[in-house]
1. Can you pull out the residues in the range 54-68 that are in contact (Cβ under 8 Å) with a residue 40 or more places away in the chain, assigned to a strand (DSSP E or B) and out of contact with any helix residue (DSSP H, G or I) (no Cβ under 9 Å at 6 or more places or on another chain)?
2. Looking only at the range 37-48, which residues are free of Cβ contacts under 8 Å to residues at least 24 places away in the same chain and within 14 Å of residue 68 (Cβ to Cβ)?
3. Could you please find all residues in the range 1-53 being part of a helix (DSSP H, G or I) and touching a helix residue (DSSP H, G or I) at 6+ places or on another chain (Cβ under 7 Å)?
C-alpha cells in the first residue's frame, strides 16, 4: 500500500459492514491465506474489487461477507 502505508506501519481499523464501504476506502478483508488491506476501486452489488496503491492489477472480487473493516 505504498506510499499511503509504509512497511511495518500500524493502522487503525474500524469494524464496518459491506454497506458502509465506499470506493476509495482502504478495507481489511478475509482472503484464503489470511487478510488483505487494499483500496476499494469498484463496489458491485455483492462484492468489492480492491487493489494495492502501488499495484497495477486489481485483486479478484471479494464477497461482501469477507469485509472486516475500514481503515480510519
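No lab work stands behind these numbers, since they all come straight from the coordinates. What you are looking at is a predicted structure, and each value in this text was computed from that prediction instead of being measured. In this analysis, Cβ positions are derived from the backbone assuming ideal geometry, glycine residues included, and neighbour counts consider all displayed protein chains.
1. Scanning the range 54-68 gives a single hit, 68.
2. Of everything in the range 37-48, just one residue is free of Cβ contacts under 8 Å to residues at least 24 places away in the same chain and within 14 Å of residue 68 (Cβ to Cβ), namely 40.
3. 18
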